[in-house]
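Each reported figure results from applying straightforward, stated rules to the coordinates on display, with no laboratory input. Because the structure is predicted, anything quoted here is derived from the model rather than measured. Because the Cβ atoms are built from the backbone with ideal geometry, glycine has one as well, and the counts that use them run over all protein chains shown.
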Amino acid sequence: MKRSFLLALATSLLLAMPPSRAQSPTAPVKVLRYAFRVAETGFDPAQTTDLYSSILEANIFDAPLEFEFLASPTRVRPNTAAAMPEVSADFRTFTFKLQRGIYFADDPAFEGRRRELVAADYVYSIKRHYDPRWKSGRLYWLEGNKLLGLSELRQQALKTRQPFDYDREVEGARVIDRYTFQVKLAEPNPRFIYVMADPSLVGAVAREVVERYGDHMMEHPVGTGAYRLAEWRRSSRIVLERNPGYRERFYDEHPPEGDTRLQQVAAQFKGRRLPMIDRVEVSIIEENQPRWLAFLNQEHDMVEIVPNDFVTSAMPNNRLAPNLAKRGIHMERYPRADVSYSYFAMENPVVGGYTPDKIALRRAISLAVDVEREIRLARRSQAIPAQSIVSPLVAGYQPAFKSEMSDFNRGRAKALLDLYGYVDKDGDGWRDQPDGSPLELEYATTNDGENRQLADLWQKNMAAIGVRMRFKLAQWPEHLKASRAGKLMMWGVGWSASIPDAEDFLSLAYGPNKGQSNHARFDLPAYNQLFDQLRVLPDGPERQAGIDEAKRLLVAYMPYKVHVHRVFTDMTHAWVQGYHRNVFVKDFWRYIDVDTAQLASRSRQR
């Protein structure tokens, strides 16, 4: 009896282990090493807004739905949900049923118990964005969808200055039973399922964890995802390790029929248990040269976005260089649903405002920016000029759409400035404001190589029309904090879409999103009304016409000078297998593998 019990116990423990460990206790640990160009800010979906933190969170937390890894066009499937949600005919009610037997990673907050994921965790995680305590920078995604009763609950907390009432049931997000929850919207949204596929927004967080760590939640992520945080040195190094309690998931992807390479990848890995990599080590290397050299010297297994400084040598004419091909390096070139823009703070007394003279100033500045030169010199031809704030790869993008956004015309720029009184009044060679006070632009930037080149181009572009410009240097997270508080005049950043729809980009100018995604703090009633209409319309010609009108309004008022849509290239060493980039799948680590035997062989050859 005792022997049978011990045998059964040993067998159950063996089966609970990931296959690579169960099959061979001495198998080498599979590690993926690479670098972020920008530092993370933390690991809490209710508090972070930046891309790099969201990548980390997506590998720790689970949303109910997810985007398929190899699918094109984009498809959504269940993740922790047992099936796709039941959706009412009017696209206002979404009912999610969860799989049973999914557990959070072990943590002291659970006091030694295995903690199962339940419907209440998603309701709680949604409500956290409404809690004023967390100052959610992505609340606009939920508040804009008008989840019934939740904005009122938030306003009550703000008005009474009492803690947010998580226990009060509201129609907008409520528990039906232990494994079922429902989201109800005030207005239809046929695309709301995309919101529920973003783990960096609606990833499940356990209430016990929040109550234990409180204001230190950014340092203590505990999720149900494939990885858990093992080490963190802020703005320097992040290590994630396989979550030993991660549920059984197996590789089962369905790429487009015409894509031979992805068809081979899908066949090669079909049935493999996920994740295939045990550990991911991320370094923060802001400078291009050391990041590129770390890859070439095999200190890193991949480079995410080949630095523009090295594009010519690494991929002449956008083809992998022969010396890199001989080393078995794989090149993955792809457009991202992405815009690079410079915003004008609409509440700033110099560049903001809605009067004709202020609009003329912003449009003149835009016309003076030589985007083609920027693409050629600073971006090494790894971008295309932007005609609007809506990028490729999302519904609503029209390749044939043309606007003033990409025009370069110094003559028109000078004429606009002259017409509205931005002339040199004191004879010092620089333009002044119409009231005679100095006209000087202040542009926030960072001190890395690429941004230094972009700043130099800005300086020359503005000097050519007689406008002074100075630069405010700081680390990216510092600028982000200042920007959300409305303390910057101008800042140049990139924005990558979380969902495959124009709404993600148009939200950057929606008035109620000020201080969140709307860093320009643009607030035009006509635009806000149009945005509200677009959100509820089904896809089709009427919605497309509205999207185009929204683009034109942003060109006319110019709160954002949209420069380019970037084209990115990642490279991986030969031992990294199955690599692919789906720009809407942030948690791609679990789908790729590292051939440790090949890695060891290549390392000996160095």
- Note on the structure: Summing +1 per Lys or Arg and -1 per Asp or Glu among the other residues with Cβ less than 14 Å from VAL118's Cβ gives +3
- Query: Against the longest alpha carbon principal axis of the chain, how many degrees, from 0 to 90 and to the nearest 10, is the axis of helix 51-60 turned?
  - Reply: 10
- Task: Any lysines with Cα under 27 Å of the LYS487 Cα? List them, leaving off those in the same chain fewer than 8 positions away.
- Result: LYS135, LYS159, LYS358, LYS460, LYS472, LYS514, LYS551, LYS561
- Message: Explain nothing, just compute: Karplus ³J(HN,Hα) = 6.51 cos²θ - 1.76 cosθ + 1.60, θ = phi - 60°, for every residue of the range 186-196 in order, whole Hz, x for Gly and Pro.
- Response: 6, 10, x, 8, x, 10, 5, 4, 4, 4, 7
- Item | Relative packing of peptides 252-263, 155-166, 378-389 - highest average C-beta neighbours within 10 Å first | 378-389, 252-263, 155-166
- Task: Along Cα→Cβ, 7 Å out, is where each label goes; now give me the distance between the ones at ARG552 and PHE250 in nm to one decimal.
- Result: 5.5
- Task: Can you tell me the equivalent ellipsoid semi-axes for the range 231-356? Use √(5λ) from the Cα gyration tensor, largest first, whole Å.
- Result: 34, 23, 21
- Could you give the size of the charge dipole of the range 374-477 about its Cα centre, using +1 on the Cβ of each K and R and -1 on the Cβ of each D and E, expressed in debye and rounded to the nearest 20? 420
- Taking θ as phi - 60°, what are the ³J(HN,Hα) couplings along the range 225-233 by the Karplus curve (6.51, -1.76, 1.60), each to the nearest whole Hz, with x for Gly and Pro? x, 5, 10, 9, 6, 10, 7, 8, 10
- Considering amide H positions built from the backbone, and no H for Pro or chain starts, which residues 5 or more places from ILE102, or on another chain, come under 5 Å of its amide H? LEU117
- Task: Highest first, please rank the peptides 308-320, 115-127, 193-205 by the mean number of other Cβ atoms sitting within 10 Å of their residues.
- Result: 193-205, 115-127, 308-320
- Restrict the search to the range 397-431; then list the trypsin sites (Lys or Arg not before Pro) that DSSP places in a loop and that have at most 14 other Cβ atoms within 10 Å of their Cβ. LYS402
- Message: Among ILE60, VAL118, TYR557, which residue has its Cα furthest toward the positive end of the charge dipole of the chain, with +1 on Lys/Arg Cβ and -1 on Asp/Glu Cβ?
- Response: ILE60
- Note on the structure: Taking only the alpha-carbon atoms of the range 486-549, the convex hull volume per residue, in cubic angstrom, is 97
- Query: Under a Cβ-Cβ cut-off of 13 Å, what is the net charge of the residues other than PHE522 that fall near it, where Lys and Arg count +1 and Asp and Glu count -1?
  - Reply: +3
- Message: Taking θ = phi - 60°, what integer Hz values does the Karplus form 6.51 cos²θ - 1.76 cosθ + 1.60 yield along the range 201-209, in sequence order, with x for Gly and Pro?
- Response: 10, 10, x, 6, 10, 7, 4, 4, 5
- Query: What residues qualify as long-range amide H neighbours of PHE471, i.e. H under 5 Å apart, gap of 5 or more or another chain, H built at 1.01 Å from N?
  - Reply: TYR443
- Item | Rg/Rg_globular for the range 388-448, with Rg_globular taken as 2.2 N^0.38 Å and Rg from C-alpha atoms | 1.66
- Here the gain from full extension of GLN298 to VAL29, 0.36 nm per residue of separation minus their alpha-carbon distance, amounts to 95.1 nm
- Query: What residues have an amide H closer than 5 Å to that of ALA173, excluding those fewer than 5 places away on the same chain, when H is modeled at 1.01 Å from N in the peptide plane?
  - Reply: LYS184
- Message: Quick check on packing: order 488-496, 463-471 by the mean number of other C-beta atoms within 10 Å, highest mean leading.
- Response: 488-496, 463-471
- Message: From the alpha carbon gyration tensor of the range 430-584, can you work out the equivalent ellipsoid semi-axes (sqrt of 5 times each eigenvalue) and give them in Å, largest to smallest?
- Response: 30, 26, 15
- Message: Classify the range 83-183 from the C-alpha gyration tensor, please: rounded if a/c falls under 1.5, else prolate or oblate depending on whether a/b exceeds b/c.
- Response: oblate
- Message: Could you give me D for the range 450-494, from Stokes-Einstein at 20 °C and 1.002 mPa s, where the hydrodynamic radius is the Kirkwood radius over C-alpha pairs? Units µm² s⁻¹, please.
- Response: 184
